[in-house]
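Just so it is clear, none of the values below were taken in a lab; they were calculated from the coordinates. Not measured: the values here are computed from a predicted model. Neighbour counts are summed over all protein chains in view; Cβ atoms, including those assigned to glycine, are modelled from backbone coordinates with ideal geometry.
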Amino acid sequence: TESCLKAIEGADALNAWSAKTPEMALDMAKAADARLKSGDAPAMCGIPLGIKDLFAVKGVPTQAGSNILKGFKPEYESTVTQNLWDAGAVMLGKLSMDEFAMGSSNETACYGPAINPWKVDDKARTPGGSSGGSAAAVAADLCLAATGTDTGGSIRQPAAFTGITGIKPTYGRCSRWGVVAYASSLDQAGPMTKDVRDAAIMLQAMCSHDPKDSTSTEIAVPDFEAALTGDIRGKKIGIPREYRLDGMPEEIAALWDNGMAMLRDAGAEIVDISLPHSKYALPAYYVIAPAEASSNLARYDGVRYGHRATLGKGDGIDDMYAKTRAEGFGPEVQRRIMIGTYVLSAGFYDAYYNRARKVRALIKRDFEQAFAAGIDAILAPTTPSSAFAIGEMKDADPVKMYLNDVFTVTLNLAGLPGVSVPVGLDKQGLPLGLQLIGRPWEEGELLNHALVLE
Ligand code: GLN
């Protein structure tokens, strides 16, 4: 813990932390020492972690990357972080993220963008998003691991951009209680770690059935680490042909081939499969996620949390809502609220929201059919590129940024687990990741396949 705190002090340039809690960290580390001495050493005992600023940590500023939550210190603890503390983990601080987890570059964060520790030229690169602070901090050795959340790729994409491992578990595996909501039917927490084994251990500590979240599963949590045998002989790996996009960069295609070869060398069988509706995943996601967000973000009204605008003489309650929300939400969040409200509005609900829900059901069915046909895991690139430069996408058309999520959003729509593992570097020397998608509730099996790619 002390060495992490020291490293954090020397790494201000990365702008990864939204709040630092060194005193809390040292107290928790002492408590962990005592637990170790007494022989009661749970899996995460004494492990110093960073926590994405989307998780409520009691008494610690929790801003979700937004000015509208300025000054908010929760009175309660998220179930995931409570589970980690119960398992002995140590809290180093909160990590930067895109505002309300909307973004793929950490550039919508109210605390300014976090910076990718990977440097190959003068250009500062994004660590990806929305869990960009988490990825930067793990990659730069400022913490041993971090929590992330993944609604459409926010664990896997930043993991790929920074050369670390990140798993989004099956929807319902981790409780969403105390995690600031973006799109509730898609949001899932997961670990961002240095390797697959750490991911298995930390995921185990994070998940539990939680009566406070009605979508949290009662299915027992198996021993994920015990599943890491490295033996994948006879397993069938699906290669979805629809993921081979026109104009896919050569080095991404080569990376994918390389992953297939690694799995084949370990005794798995590579099978061509079709997921015919995956080409509609991105548009369906960018209807469903903003729709849910527009509803979830209605609670920020200047009354219950954080920021309230200064009102003029004669201003009424509607003025307070409007001014508070105009000041508190950044442009990307406002855009999503507008899109979400539009697609849910009476005249357009059937044309957009209902249509997207139908597409979602078809996407889910594609995966179910592949697994029913005996596929054990699906291999695809995590991202269509390596980490782009700060400013490169943000200043362009917002849709350009959305396109970066083309490979990640699909499995969120289907509720499936997915892991990104670093598999090599691009021509410039920046990390690239491959993604494995697994059967629901079989995160251990999935991580075992990922082990082979390490
Ligand atoms: N980049 C995607 C979005 O902006 C995914 C974000 C996430 O997974 N939280 O919605």
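Below is a table of values for the structure above.
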read-out	value
More than 20 angstrom apart: percent of Cα pairs within segment 184-241	46
Structure-based [θ]222 nm, the chain - -39500 (n - 2.57) summed over DSSP H runs of at least 4, per residue, nearest 500	-10500 deg cm²/dmol
Global geometry of segment 2-227, whether rounded, prolate or oblate, following the gyration tensor of its Cα atoms and the 1.5 cut on a/c	rounded
Share antiparallel - DSSP beta bridges, segment 2-227, percent rounded to 5	65
Peptides 147-155, 130-138, 399-407 ordered by average Cβ neighbours within 10 Å, highest first	130-138, 147-155, 399-407
Nonlocal amide H pairs with G93, under 5 Å, H built at 1.01 Å	T21, I51
Gain upon complete extension [D265, A43; 0.36 nm per residue less C-alpha separation]	76.7 nm
Inter-centroid distance (Cα atoms) of segment 378-454 relative to segment 170-188, Å	19
DSSP beta bridge pairing in the chain, given as percent antiparallel to the nearest 5	65
Karplus-derived HN-Hα couplings along segment 298-314 (A = 6.51, B = -1.76, C = 1.60, θ = phi - 60°), whole Hz, x at Gly and Pro	5, 6, 8, 10, x, 9, 8, 9, x, 6, 9, 5, 6, 9, x, 4, x
Whether segment 1-128 is rounded, prolate or oblate, judged on the alpha carbon gyration tensor where a/c under 1.5 counts as rounded	oblate
30 Å Cα-Cα reach of K279 towards lysines, excluding residues that sit fewer than 8 places from it in its own chain	K168, K235, K236, K358, K364, K394, K400, K427
Segment 350-365 versus segment 22-71: alpha-carbon centroid distance in Å	39
Under the Debye formula (equal points on every Cα, no solvent term), log10 I(q)/I(0) of the chain at q = 0.09, 0.10, 0.11 Å⁻¹	-0.53, -0.66, -0.81
Distance between segment 93-131 and segment 281-329 - C-alpha centres, whole angstrom	23
